[in-house]
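In what follows, a single structure is set out as structure tokens and then discussed.
The values are calculated or read from the model by the stated rules, or taken from the named source; none is laboratory data. Computed from a prediction, not measured in an experiment: that's the story for all the values here. Methodologically, a virtual Cβ is constructed for each residue, glycine included, from the backbone with ideal geometry; neighbour enumeration extends over all protein chains shown.
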Amino acid sequence: MSSTKFILGLFDDPDEMMNGIHKLQENSVPIYDVYTPMPIHGIDAKLGIKDSRLGYAAFMFGCTGGTVAFSMLYYMLVHDWPQNIGGKPHFAIPDFVPITFEWTVLFTAFGMVATFFYATHLFPGRTPRVMDLRATNDRFVIAIDAKGNIPHEDITNILKEAGAVEVKHNDRKYVSYE
Amino acid sequence: MASHSESIIREPLITGTDITYAKITDDVLAPVENTPTKAWWIGFIISSIAASLWVFAVSWTFWFGIGEWGLNKTVGWAWDITGFVWWVGIGHAGTLISAVLLLFRQNWRNSINRSAEAMTIFAVICAATYIVAHMGRPWMAVYSLPLPNQYGSLWVNFNSPLIWDVFAISTYFSVSLVFWYTGLLPDIATIRDRAKGWRQKIYSTLSFGWTGSVKTWQRFETVSLILAGISTPLVLSVHTIVSMDFATSLEPGWHTTIFPPYFVAGAIFSGFAMVQTLLLVTRKVLGLENYITMFHIESMNKIIILTGSIVGVAYLTEFFIAWYSGVEYEQYAFINRATGPYWWAYWSMMSCNVISPQLFWVKKWRTSIPFSWVLSIVVNIGMWFERFVIIVTSLHRDYIPSSWAMFHPTWVEVSIFIGSIGVFFTLFLLFIRVLPSVAMAEVKLLLKSSSEQAKKKILTDGHQDAEQVQFYKESLEKFDSVEMADYQKV
């Protein structure tokens, strides 16, 4: 039994990497994940990853922000302490618009980004789970779980044929832990 | 899509030969990973001296009070609010570049958005310090927030644009910060994975554990797009509300409905000028000529012509409406601006903001780096005068002639202004020292489609329309970073 935990195909070109994904899928090799230094459109569709639902979250946060701001203004200016300012109406909706708008934006931005960080497990100080240190620089990395995916040599050959500049057989899942 | 090749007639966004993904990383991170150059130190020392002047002058203000400023009972707002509006306006270009140009799919924004957004954040910090400083007693700032208190609670007056401004500026600052930092994560991860020792630990903490997996990128792009979508109306609302600080008053010269669009155009105008001032130096000192190219400079100059012209039309419209309204106070305010004791401020504003950007219609001038740099500073001077004219010239002739007064700044106000520029540049210089000043991940996206080398390959492969090839070659002539000799044989 080999000690290989992950097989990494390192590409120096995004199009060749896409070709690599295609070739692996043709040979029914499951792909664990793909790490790229920049967003490559089309991988998510190829790997069958559904569209992000962050947009819905953002919309709900926006609705919350708008409601909170408008209710706060209503409570303070109309309900709790209506002040007589030149005899003008207390419930002056046009004056409520700017702050309601600002808080809609504020809640959308913070809520959506917090959801993004939560869902993706991003937070300050999280240990980076990096499989190859050049994946944030100039390598497009396809990771394949070695367990159950045998023979490893075949996978290596598929990756090499697709144009991988290097194929790594890593004994550890993450290289960034020391 | 990385493999998409675009039409040959489009100018390249990355110049130079032998640019690889690794080279982009190396070039952008050179100032972060190496000890600073002499130019950086000189800049940093000068700006931190100016920043210390700011600390001193603001402390002086807090210790002795606003009486140390040149304000009087007629002119109650002068350099403070001028400085505030000037800085907020400068900040607007960063959001315009990062958000509006993203929505319009202007790929040239990719190499300038990072530093422009950083500029936004630092400019808004300078603006916010002006607001706190002009309160004189900074601990009173808490009363601008609707917090429960022992007077009732007595809430803030939400009908006032000054309170709207508190919400607008704080939202703008925090949303810009979130937008900027989220965009920085992949690039901080790049530094982390190249660093060793304590630097690696720090950047590891700052990178939030970014890996660049498929899902991370997919969500990142969704987040960027939505943040751009909400930042666009946000940035317009911010300067609209700043203009309402004036426009909702009954002061002749302020009480005009044209203010919101006029202020927003002016903000973008001055912001792009500041981006030019910073980037023309940064690209040279950091050696980023291949990423911030003549195309970027020219595009920004074109935006300066556009927004400068809008501002010019707004000035003339204001004048026309003052006459057309038939309100004699309004008419007097405008005639006094142009011919009264502050005529020199008015005509400085007119010549810097209306005449000077029109010089950019000449292609030779708008593609000249020294000319663009000088003109960007002229525009910023002009935009400072614009706010000075609006504020001081409108205030200094009161409704009661016995209250008429002139405004003379004291050394404290002048020091705060010079100091705030120092604070801004200190922050910017620290930024380019510790964080990537160009969004590497986004620039890498352009390498296969829009770089000079990719286009050259299309040319050498042939099969292109000769007229288009000629057009493309001619468009390259203005670039200072393109070797034209290479194109003799292609």
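Considering the conditions (1) in a loop (DSSP other than H, G, I, E, B); (2) touching a Phe, Trp or Tyr at 6+ places or on another chain (Cβ under 8 Å); (3) of a type in the set (Ser, Thr, Tyr), residue A:108 is excluded by exactly one of them, (1). For the range A:134-178: of the residues being loosely packed, with under 15 Cβ neighbours inside 10 Å and closer than 22 Å to residue B:197 by Cβ, which is farthest from the other protein chains (Cβ to nearest Cβ)? Top of the filtered list is A:172. Does residue B:170 satisfy the criteria of being buried (at least 21 other Cβ atoms within 10 Å of the Cβ), among the polar types (S, T, N, Q) and part of a helix (DSSP H, G or I)? Against the criterion (buried (at least 21 other Cβ atoms within 10 Å of the Cβ), among the polar types (S, T, N, Q) and part of a helix (DSSP H, G or I)), residue B:170 does not qualify. Condition test on residue B:31, is it in contact with a Leu (Cβ under 7 Å, 6 or more places away or on another chain) and on the phi < 0 side of the Ramachandran plot? So residue B:31 fits the description; yes.
Quick check: anything in the range A:117-125 more than 30 Å from residue B:159 (Cα to Cα), at the interface with chain B (Cβ under 7 Å from one of its Cβ atoms) and at pLDDT below 90? For the range A:117-125, residues more than 30 Å from residue B:159 (Cα to Cα), at the interface with chain B (Cβ under 7 Å from one of its Cβ atoms) and at pLDDT below 90: present.
For (1) of a type in the set (Phe, Trp, Tyr); (2) buried (at least 19 other Cβ atoms within 10 Å of the Cβ); (3) more than 14 Å from every other protein chain (Cβ to nearest Cβ), each residue gets a yes or a no:
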site: B:365; (1), (2), (3): yes, no, yes
site: B:380; (1), (2), (3): no, yes, yes
site: B:396; (1), (2), (3): no, yes, yes
site: B:443; (1), (2), (3): no, yes, no
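Apart from one condition, residue A:128 fits all of (1) facing chain B (nearest Cβ under 8 Å); (2) crowded, with 20+ Cβ neighbours inside 10 Å; (3) outside any loop (DSSP other than H, G, I, E, B); the exception is (3). With a requirement of 2 or more residues that are out of contact with any Asp or Glu (no Cβ under 7 Å at 6 or more places or on another chain) and β-branched (Val, Ile, Thr), the helices (runs of 4 or more DSSP H) lying completely within the range B:350-462 that satisfy it span B:369-388, B:411-434, B:452-461. Residue pairs whose Cβ atoms lie under 7 Å apart, separated by 6 or more positions or on different chains, with the first residue in the range A:69-95 and within 10 Å of chain B (Cβ to nearest Cβ) and the second exposed (fewer than 12 other Cβ atoms within 10 Å of the Cβ), are A:81/B:152. For residue B:143, the stated conditions do not hold, so it cannot be described as under 18 Å from the mean Cα position of the chain (by Cα), surrounded by fewer than 22 Cβ atoms within 10 Å (Cβ to Cβ) and either farther than 24 Å from residue A:114 by Cα or not charged (D, E, K, R) (or both). The residue list B:45, B:9 contains one member that is away from every other protein chain (no Cβ under 14 Å), within 30 Å of residue B:132 (Cβ to Cβ), surrounded by fewer than 18 Cβ atoms within 10 Å (Cβ to Cβ) and not polar (S, T, N, Q), which is B:45. Within the option set B:139, B:180, being free of Cβ contacts under 8 Å to residues at least 12 places away in the same chain and assigned to a helix (DSSP H, G or I) holds for one residue only, B:139. Just wondering, is there one or more residues in the range B:70-78 that are in a helix (DSSP H, G or I), of a type in the set (Phe, Trp, Tyr) and surrounded by 17 or more Cβ atoms within 10 Å (Cβ to Cβ)? No, that holds for no residue.
Of all the criteria given as (1) at pLDDT 90 or above; (2) over 12 Å from residue B:176 (Cβ atoms), the one not satisfied by residue B:122 is (2). Name the residue that is farthest from residue A:142 (Cα to Cα), counting only residues in the range A:32-52 that are in a loop (DSSP other than H, G, I, E, B) and more than 9 Å from every other protein chain (Cβ to nearest Cβ). Filtering the range A:32-52 for residues that are in a loop (DSSP other than H, G, I, E, B) and more than 9 Å from every other protein chain (Cβ to nearest Cβ), the one farthest from residue A:142 (Cα to Cα) comes out as A:50.
Out of B:427, B:395, which single residue is aliphatic (A, V, I, L, M), touching a residue at least 12 places away in the same chain (Cβ under 8 Å) and within 21 Å of residue B:124 (Cβ to Cβ)? Before the answer, list the steps.
Working: B:395 fails: within 21 Å of residue B:124 (Cβ to Cβ).
Step by step, each of B:427, B:395 is checked, and only B:427 is aliphatic (A, V, I, L, M), touching a residue at least 12 places away in the same chain (Cβ under 8 Å) and within 21 Å of residue B:124 (Cβ to Cβ).
In this structure, residue A:19 does not satisfy being of a type outside the set (Phe, Trp, Tyr), over 25 Å from residue B:222 (Cβ atoms), loosely packed, with under 15 Cβ neighbours inside 10 Å and more than 7 Å from chain B (Cβ to nearest Cβ).
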